[in-house]
Amino acid sequence: MKSFSFNLQRFAYFLISISLLVYIAVLGKNILAPLIFASFFAAMLKPLTAFLEKYVKNKIIAILLSFVFALLPITGILIFFGYQIIGVIEKAGPLGEKLLTGLYDLIHFLGRQVGWQEAKTENWLAEKLPGVIDAPISFISESLSSTSAIFAGFFLVGIFTFFFLLYRISFKNFLLYQFDKGSREEVKQTLRQIENVSRKYLFGLLMVILILGVLNSLGLWIIGLQYPIFWGFLGACLAIIPFIGTALGGLFPFLYAIATSASFWQPAAVVVLYAVIQSLEGNFITPKVVGGSIKINPLAAILAMILGGAIWGITGIILALPMVAVIRIVLLQIDVLKPLGELLCDDIYEKETLFQDKYDEDRFRLLSLFKK
């Protein structure tokens with residue numbers, strides 16, 4: 001049997017390095033998150049910028065024009081949302097009282113369905129209703145506070161994106177010339193793969209938001225809820241938060257329906273609508289539109305989002321999938337880490353014999369990193 005000499009010092013260095021990376025990630029969230037967002041946006045805007053540079057010889061003007069073309073539809077959407085929010089806020093005062101009354105009536109109705117006596121329902125309302133109301137409000141508040149750094153850092157993201165586009169050739173050449181001539185073509189290919197994944201993921205995400213916005217709005221319009229486009233696209237934008245985004249997006253029109261509807265059928269219809277759309281989004285829309293770009297298996301995606309959420313909150317959950325997709329591409333370029341990269345792939349269940357057929361050599365074993 002071949003002996004293996006374990007280098008404890010190397011293993012200790014590895015653990016220290018991982019700990020330092022996590023510590024730096026937590027400590028530097030406010031600067032690292034905008035940098036990562038900017039790198040993805042730069043990858044998305046790069047083809048448009050390169051096209052404009054063919055006709056506009058000044059790079060700065062070409063980049064600014066690409067910003068304008070990208071921001072025009074966003075500005076229009078924000079203006080529309082602004083008018084809709086004003087309409088909702090104008091009714092916010094009476095809506096608060098109506099919402100409380102609606103929740104009382106709803107819980108009394110549910111109590112009768114399960115056979116509760118009125119006294120028992122009243123006791124439950126006195127004890128639990130404040131918590132029922134506070135729970136979603138506190139959750140929304142925490143979510144908004146977690147994402148406030150993103151919105152507050154939009155200007156920073158824009159600045160970083162501008163300079164990434166302006167200096168992209170210099171950055172690329174700097175990276176290429178860190179490697180010997182024999183490896184540079186492979187590095188170029190890796191960079192192209194990373195750009196393509198980033199671009200496809202962002203475009204896929206925009207398509208998912210558009211599809212969900214149309215479905216949500218159409219469903220809410222059929223139900224008869226006021227401001228269907230506003231609620232529909234608000235829920236679609238929140239869907240970028242995996243797993244909970246669609247449910248959170250449905251909470252607002254549900255509460256609004258309770259506050260404005262004279263019967264329970266509208267709130268119930270909103271719940272059914274968003275349950276159906278959640279199922280479609282999770283099982284069909286996102287896997288078909290976005291899933292093909294990241295090629296990450298569900299287990300790796302879930303673990304990445306849990307880890308991202310633990311380190312960076314909502315920001316980490318949003319960035320988890322594209323970051324893991326980029327990491328997988330890098331892992332597949334390094335011999336000792338190639339099996340780990342394969343383990344993250346979405347088709348790993350179809351390659352049960354891959355590791356013994358292709359990676360049964362010392363240079364592919366993780367333990368080789370800790371040999372003396």
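For Leu71, the conditions (1) at pLDDT below 90; (2) within 27 Å of Ala310 (Cα to Cα) are fulfilled apart from (2). Within segment 252-279, the set of residues being open to solvent by 40 Å² or more (accessible area, probe 1.4 Å) and at pLDDT 75 or above comprises Phe252, Phe254, Leu255, Trp265, Ala268, Val271, Val272, Ala275, Val276, Gln278, Ser279. Residue pairs whose Cβ atoms lie under 9 Å apart, sitting 6 or more positions apart in sequence or on different chains, and linking a residue in segment 9-30 that is farther than 17 Å from Leu367 by Cα to a partner that is polar (S, T, N, Q) and surrounded by 12 or more Cβ atoms within 10 Å (Cβ to Cβ), are Lys29/Thr315.
If you go through segment 210-228 and pick out every residue that is at pLDDT 85 or above and surrounded by fewer than 18 Cβ atoms within 10 Å (Cβ to Cβ), you end up with 6. Figure legend. Inter-residue proximity from segment 350-367: first residues touching a residue at least 60 places away in the same chain (Cβ under 8 Å), second residues surrounded by 10 or more Cβ atoms within 10 Å (Cβ to Cβ), beta-carbon distance below 9 Å, spacing 6+ or different chains. Indicated pairs: Leu367/Phe4; Leu367/Phe6. Could you please find all residues in segment 336-350 being open to solvent by less than 70 Å² (accessible area, probe 1.4 Å), of a type in the set (D, E, K, R) and modelled with pLDDT under 85? Those that are open to solvent by less than 70 Å² (accessible area, probe 1.4 Å), of a type in the set (D, E, K, R) and modelled with pLDDT under 85: Asp346, Asp347.
Of all the numbered requirements in (1) assigned to a helix (DSSP H, G or I); (2) within 22 Å of Gly308 (Cβ to Cβ); (3) open to solvent by less than 20 Å² (accessible area, probe 1.4 Å); (4) of a type outside the set (Gly, Ala, Ser), Cys237 misses one, and that requirement is (3). For beta carbons closer than 8 Å, sequence separation of 6+ or different chains, a first residue in segment 182-193 that is on the phi < 0 side of the Ramachandran plot and a second that is open to solvent by 40 Å² or more (accessible area, probe 1.4 Å) and part of a helix (DSSP H, G or I), the qualifying pairs are Val187/Leu175; Thr190/Val330; Leu191/Lys172; Leu191/Leu175.
For (1) modelled with pLDDT of 90 or more; (2) outside any helix (DSSP H, G or I); (3) out of contact with any Pro (no Cβ under 8 Å at 6 or more places or on another chain); (4) under 15 Å from Ile194 (Cα atoms), each residue gets a yes or a no:
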residue	(1), (2), (3), (4)
Lys2	no, yes, yes, no
Arg10	no, no, yes, no
Phe14	no, no, yes, no
Val22	no, no, yes, no
Ala25	no, no, yes, no
Asn30	no, no, yes, no
Lys46	yes, no, yes, yes
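The set of residues from segment 285-310 being of a type outside the set (S, T, N, Q), farther than 14 Å from Gly204 by Cα and open to solvent by less than 50 Å² (accessible area, probe 1.4 Å) comprises Ile296, Ala300, Ala301, Ala304, Met305, Gly308, Gly309.
Per-residue answers, yes or no, for (1) within 18 Å of the chain's Cα centre (by Cα); (2) under 19 Å from Gly309 (Cα atoms); (3) open to solvent by 40 Å² or more (accessible area, probe 1.4 Å):
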| position | (1), (2), (3) |
| --- | --- |
| Leu8 | no, no, yes |
| Ser17 | no, no, yes |
| Val22 | no, yes, yes |
| Ile36 | yes, yes, no |
| Phe41 | yes, no, yes |
| Thr49 | no, no, no |
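Kindly establish whether Gly282 is open to solvent by 20 Å² or more (accessible area, probe 1.4 Å), under 22 Å from Leu206 (Cβ atoms) and assigned to a helix (DSSP H, G or I). Don't jump to the end; show me each part of the working.
On the way: open to solvent by 20 Å² or more (accessible area, probe 1.4 Å): yes; under 22 Å from Leu206 (Cβ atoms): yes; assigned to a helix (DSSP H, G or I): yes.
It is true that Gly282 is open to solvent by 20 Å² or more (accessible area, probe 1.4 Å), under 22 Å from Leu206 (Cβ atoms) and assigned to a helix (DSSP H, G or I).
Which residue out of Leu319, Leu369, Leu337 is assigned to a helix (DSSP H, G or I) and under 27 Å from Leu212 (Cβ atoms)?
Working: Leu369 fails: under 27 Å from Leu212 (Cβ atoms); Leu337 fails: under 27 Å from Leu212 (Cβ atoms).
Only one candidate qualifies: Leu319.
The values are calculated or read from the model by the stated rules, or taken from the named source; none is laboratory data. Please read all numbers here as calculations on a predicted model, not as lab measurements. Methodologically, a virtual Cβ is constructed for each residue, glycine included, from the backbone with ideal geometry; neighbour enumeration extends over all protein chains shown. To get the accessible areas, we keep the full protein, side chains included, count just its heavy atoms, and leave off ligands, DNA and RNA. Shrake-Rupley method; radii C 1.70, N 1.55, O 1.52, S 1.80 Å.
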